[in-house]
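Engineer: My structure is below; once you've seen it, I'll send some questions.
The values are calculated or read from the model by the stated rules, or taken from the named source; none is laboratory data. Note that this is a predicted model, so its numbers are computed, not measured. Note: ideal-geometry Cβ built from the backbone for every residue, glycine included; neighbour counts use all protein chains shown.
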Amino acid sequence: MTTDRPVRVRVAPSPTGEPHVGTAYIALFNLAFARKNGGKFVLRIEDTDRERSRQEWEDEIIEGLRWLGLTWDEGPDVGGPFGPYRQSERSAIYHQHIELLLEKGEAYRCFATPEELAQLREEQRARKETSRYDGRWRDRSPAEVKAAMDAGLPFVVRMKMPLEGETVLFDELRGEVRIDNRQVDDQILMKSDGFPTYHLANVVDDHLMGISHVIRAEEWISSTPKHVVLYRAFGWEPPKFIHMPLLRNADKSKISKRKNPVSLLDYKSRGFLPEAVLNYLAMLGFSMPDEREMFTVEEFFENFTWDRMSLGGPTFDLAKLTWLNGRYYREKLSDDAWVKLLRDDLLSEEILRKLVPLIKERIDTSEQFIPAVDYFFSGELTYEASMLVSKGKTPKETREVLEKYGDEIDRQVDFSAPALEALSRGFAESQGWKVKDLFMPLRVAMTGRTATPPLFDTLSVLGRAKVRRRLRQAQDLLKALAEAENKKK
Ligand code: GLU
């Protein structure tokens, strides 16, 4: 691919949840392209969703990417000449750019109330039309707009999409993509709280940060025509676009935590080696010229070209990754590296300091230590599914409640024992469950036992990734139990 600008690429995660394996996959290919072309790789944090964005998630994203050994030349943690690299610190820039679009007549203020828009959707549904914004504020007179502003009515700013014709964009992997402009709404660029939307912030930042190639997941392809129109509205040359195939579950749906572990820290806690994970992620989109499956990240960077990418959505196969990881363990780890891994990761001082207070009341000699804490270290646990079911509850109800509890766990930022206890008591109440009916299955799911150290200390030490994983295992066991009971009937 020829380029006239210096190569600058970026990965732009939103800190609204755990560090996702998909983010690492996109970051890896951006980094490969940058290294291959002597370019720069930027980390930008897209935290425009004020409700869901958290500093803690940003910290975990950085921790997860760094654990893999991915590095960036510029970012919120390392600085750089195009900062700030966190969108919440760039409000003034977005406001200036909104003013620019308003002055040029490329955007307009829309004072439609949420109720009005709900009614519009209702009417469209009744007429069996696809619901969309109808442009009701697009061509209002300046006097009308001024009157609404003087009255202090809340408004959003929308971009003017062309009313006819096509927007054509060129994707370096897919070729020409054409979109009928009539299918695209006048997008909101600035929300009524004055925060920019993804579209505005993304385009303004990619331009101001000198991004030459936007390499992102396929799911954003429907946003790209809007972005192309925005670049034109500003009078800017758009970057080149490359939409990477999405990672998929075995059933071909987009990779999701219900079917696969998605958090990078989950892989870390399972003892996957960063080299093996990077190798596997590279292999999912790319094949080496000699088709070999095991290669280092440096070898990947050296051999990287878009021609060797496959476009079909690669299936993320945990068994295959586990197999590859096993090869790294056997073929690449020296005994010294083994010892270091056990001492630094598995039996680190940090983890021992957490375990000792939990366990010291319960054992009499040190030889009892390892058997007493084995469930902190093992992967899947072995226990009878029926142990998960409290008296008076069915396997199905228990599974459903654990599934909902898992969603709470995903959102829980503070993983200290008191915070988890408060969360769990509140959750039991919200479900109309007695705490003991919830805590018992939780204890079994987490430890495979009925007598353990205090439950929430245990959860806190296990950490989110393992808690999530064990909940998933319990749900699977309960599902099988419910099916078996149904058959009997
Ligand atoms: N913030 C978007 C995300 O979470 C970025 C998409 C893009 O790369 O433009 O993936």
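Engineer: Within region 58-103, can you find the residues that are among the aromatic types (Phe, Trp, Tyr) and out of contact with any Phe, Trp or Tyr (no Cβ under 6 Å at 6 or more places or on another chain)?
Structural biologist: Passing the criteria: TRP67, PHE82, TYR85, TYR94.
Engineer: For region 240-257, check the following and say yes or no: at least one residue is closer than 30 Å to GLU164 by Cβ and in contact with a Phe, Trp or Tyr (Cβ under 6 Å, 6 or more places away or on another chain).
Structural biologist: Checking region 240-257: not a single residue is closer than 30 Å to GLU164 by Cβ and in contact with a Phe, Trp or Tyr (Cβ under 6 Å, 6 or more places away or on another chain).
Engineer: If you take the residues in region 103-130 that are exposed (fewer than 14 other Cβ atoms within 10 Å of the Cβ) and hydroxyl-bearing (Ser, Thr, Tyr), which one is modelled with the highest pLDDT?
Structural biologist: THR113
Engineer: Name the residue that is farthest from GLU361 (Cα to Cα), counting only residues in region 415-448 that are touching a residue at least 40 places away in the same chain (Cβ under 8 Å) and out of contact with any helix residue (DSSP H, G or I) (no Cβ under 7 Å at 6 or more places or on another chain).
Structural biologist: Step by step, filter region 415-448, then rank; the result is ASP437.
Engineer: Among the residues of region 190-234, write down those that are of a type in the set (A, V, I, L, M), away from the ligand (no atom under 15 Å from the Cβ) and under 24 Å from SER131 (Cβ atoms). Steps first, please.
Structural biologist: Pass one, region 190-234, residues of a type in the set (A, V, I, L, M): 190, 200-201, 203-204, 208-209, 211, 214-215, 217, 221, 228-230, 233.
Filter once more, so that each one left must be away from the ligand (no atom under 15 Å from the Cβ): 190, 229, 233.
MET190, VAL229 - these are the residues of region 190-234 that are of a type in the set (A, V, I, L, M), away from the ligand (no atom under 15 Å from the Cβ) and under 24 Å from SER131 (Cβ atoms).
Engineer: Is there a residue in region 28-36 that is without any contact (Cβ under 8 Å) to a residue 60 or more places away in the chain, within 11 Å of the ligand (Cβ to nearest atom), in a helix (DSSP H, G or I) and buried (at least 24 other Cβ atoms within 10 Å of the Cβ)? Show your work before the answer.
Structural biologist: Our first condition is that a residue be without any contact (Cβ under 8 Å) to a residue 60 or more places away in the chain; within region 28-36, this holds for 34.
If we keep only those that are within 11 Å of the ligand (Cβ to nearest atom) too, we end up with none.
No, the conditions are met nowhere in region 28-36.
Engineer: Return the pairs, sorted by first residue and then second, in which the second residue is among the hydroxyl-bearing types (Ser, Thr, Tyr) and part of a helix (DSSP H, G or I), the first residue lies in region 461-477 and is in contact (Cβ under 8 Å) with a residue 24 or more places away in the chain, the beta carbons are less than 6 Å apart, and the residues are 6+ apart or on different chains.
Structural biologist: Pairs that qualify, where the first residue is in contact (Cβ under 8 Å) with a residue 24 or more places away in the chain and the partner is among the hydroxyl-bearing types (Ser, Thr, Tyr) and part of a helix (DSSP H, G or I), are ALA465/SER269; LYS466/SER269.
Engineer: Now a separate question. Any residue at all in region 67-78 that is at pLDDT 95 or above, of a type in the set (Val, Ile, Thr) and crowded, with 21+ Cβ neighbours inside 10 Å? Even if it seems obvious, please write down each step before you answer.
Structural biologist: Step one: filter region 67-78 for residues at pLDDT 95 or above, giving 67-78.
This time we only want the ones that are of a type in the set (Val, Ile, Thr), so: 71, 78.
Pick out the ones that are also crowded, with 21+ Cβ neighbours inside 10 Å and you get none.
For region 67-78, residues at pLDDT 95 or above, of a type in the set (Val, Ile, Thr) and crowded, with 21+ Cβ neighbours inside 10 Å: absent.
Engineer: Filter region 258-268 down to the residues that are in a loop (DSSP other than H, G, I, E, B) and crowded, with 16+ Cβ neighbours inside 10 Å and list them by number. Give the steps one after another, and end with the answer.
Structural biologist: Quick first cut of region 258-268, residues in a loop (DSSP other than H, G, I, E, B) only: 258-262.
Of everything in region 258-268, those that are in a loop (DSSP other than H, G, I, E, B) and crowded, with 16+ Cβ neighbours inside 10 Å turn out to be LYS259, ASN260, PRO261, VAL262.
Engineer: Does any residue of region 269-287 turn out to be more than 30 Å from LYS466 (Cα to Cα), touching a residue at least 24 places away in the same chain (Cβ under 8 Å) and assigned to a loop (DSSP other than H, G, I, E, B)?
Structural biologist: No - not one qualifying residue is present in region 269-287.
Engineer: Hey, another quick one. If you check ILE242, ILE255, which single one turns out to be within 11 Å of the ligand (Cβ to nearest atom) and either surrounded by 16 or more Cβ atoms within 10 Å (Cβ to Cβ) or within 19 Å of the chain's Cα centre (by Cα) (or both)?
Structural biologist: Details: ILE255 fails: within 11 Å of the ligand (Cβ to nearest atom).
Going through ILE242, ILE255 in turn, the sole match is ILE242.
Engineer: Still on this model: Kindly state which helices (runs of 4 or more DSSP H) lie completely within region 45-151 and contain at least 3 residues that are within 22 Å of the chain's Cα centre (by Cα). Give the derivation first.
Structural biologist: Numbers: elements: 55-68, 91-104, 114-126, 142-150.
Where helices (runs of 4 or more DSSP H) fall fully within region 45-151 and carry at least 3 residues being within 22 Å of the chain's Cα centre (by Cα), they are 55-68.
Engineer: In region 191-239, what count of residues is obtained for those that are crowded, with 19+ Cβ neighbours inside 10 Å, hydrophobic (A, V, I, L, M, F, W, C) and over 18 Å from ILE45 (Cβ atoms)?
Structural biologist: 4
Engineer: Moving to a separate point now. Of (1) closer than 27 Å to THR447 by Cα; (2) surrounded by 13 or more Cβ atoms within 10 Å (Cβ to Cβ), ARG353 satisfies all except one. Which?
Structural biologist: (2)
Engineer: Name the residue that is farthest from the ligand (Cβ to nearest atom), counting only residues in region 1-19 that are surrounded by fewer than 20 Cβ atoms within 10 Å (Cβ to Cβ) and either outside any loop (DSSP other than H, G, I, E, B) or of a type in the set (Ser, Thr, Tyr) (or both).
Structural biologist: Residue satisfying both the conditions and the ranking: THR2.
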